[in-house]
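Below: one structure, written as structure tokens.
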Amino acid sequence: MPAWTDLLARFRPTLAPVSPAEWLRAGSGALIGLVVTGVATRFALGADAPLPLLIAPMGASSVLLFAVPASPLAQPWSLIGGNLVAGLVGVTAAQIVPDALLAAGLAAGLAIALMLALRCLHPPSGAVALTAVLGGEAVRSAGYAFILAPVLLNSLLLLAAALAFNAATGRQYPAAAPAAGRATRDPAPSARLGFSAADLDAALKQYDRLLDVSRADLEQVLRLAEVRAYARRSGEIRCADIMSRDVVAIAPEASMREALHLLRGHHVKALPVTTESARVVGIVTQSDLLDKAAWGIKGPRVAFAQRLRHVVRLARAPQGSVQEIMTVTVRAARPETPIADLVPLMADGGLHAVPVVDSNDQLAGIVTQSDLIAALFRDRLAGPQAGAT
């Protein structure tokens, strides 16, 4: 490769591929968020307000909040805390440093250092600090009032728009907190082999550079990379190779007592809930019967808290049926899904069984923890033998 081509390649970012639908989603979110923020600010301050109704840094904030909402730099504390810190530093610098250019540099530098110390780094806040110094006579005359409006007002309105838009379009915002553990000192099963949390912390300390990805997301990506590496080495055993095809299922209208009898009689821990056309609409487990049902002399019945959820979700009185306690959000696999993809779900996710569905979401089989363990054990035994031949 010629030297100039290699030099140009270094300037191009290595972003993950994004679909056109995501381009449209992010762009539409920024459009809606900024318009709502501007209109609401004008309503609050009046169209003839001397200060700008929508400051330029909000455009940069919208890139983070709508295009990369999982970024640590886009989280609510980063937005609100970063803009407040930058505004405070910028206004103070403008008042005590006569030279505007020196004040601007001082404001941005101190704002970055303080944001890092307070764990609220937000890149657009650097522009907030500059705006407080170089925004013109109206901004300078407003003094510290500039921090409340438009800086804080814009920030809160844009945050509200981001919360609503990301939720409506299926994006997790704010970023999900780390999953709750087992309330014991043991690490998660997947963390007992491979790298540990302490290894990751030590590596990040040694790297000593800011990453635009949360520690939890980074650990998840590395765990997934381990799973994919195993899948590559294991020859891509798929769910269709190990799943049980004669599956015991239950209808949504069936009683909880019937579900209990099926679980006991077939010695299974989960029952897929299917319609007459075999489409999977839920799953009922031993945990559902224990946690969501109240037990009496006559057997299980719907617990009070679950009754309220049922009325809200199905808009009818509880009847003691499976659909009132089943888990509606089902983690299902396809026949062609590599079994390595099921390891995180069962090891750390606590699932005892994963239904396997076809392209029409009809039940094709089920993979249990026993199926997975047997397949991994057989693959482990076959590995050395395959290498010896």
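The values are calculated or read from the model by the stated rules, or taken from the named source; none is laboratory data. Here the structure is a predicted model, which means the values were calculated and not measured. Glycine gets a Cβ as well: all are built from the backbone with ideal geometry, and neighbour counts include every protein chain shown.
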Being in the same structural domain as ALA60 (by TED's automatic domain parsing), within 34 Å of the chain's Cα centre (by Cα), modelled with pLDDT under 95 and not hydroxyl-bearing (Ser, Thr, Tyr) is true for just one of ARG140, ARG119. Which residue is that?
ARG119
Is it the case that the stretch 74-90 has a residue that's crowded, with 24+ Cβ neighbours inside 10 Å, of a type in the set (Val, Ile, Thr) and over 18 Å from the mean Cα position of the chain (by Cα)?
yes
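Would you point out which residue out of VAL356, VAL330 is in the same structural domain as GLN286 (by TED's automatic domain parsing), buried (at least 20 other Cβ atoms within 10 Å of the Cβ) and among the β-branched types (Val, Ile, Thr)?
Working: VAL330 fails: buried (at least 20 other Cβ atoms within 10 Å of the Cβ).
After applying the criteria, what remains is VAL356.
Any idea how many residues of the stretch 182-209 are aliphatic (A, V, I, L, M) and at pLDDT 70 or above? Please lay out each step first, then the result.
From the stretch 182-209, those aliphatic (A, V, I, L, M) are 183, 188, 191, 193, 197-198, 200, 202-204; that's our starting set.
Checking which are at pLDDT 70 or above leaves us with 197-198, 200, 202-204.
Residues flagged as aliphatic (A, V, I, L, M) and at pLDDT 70 or above within the stretch 182-209 amount to 6.
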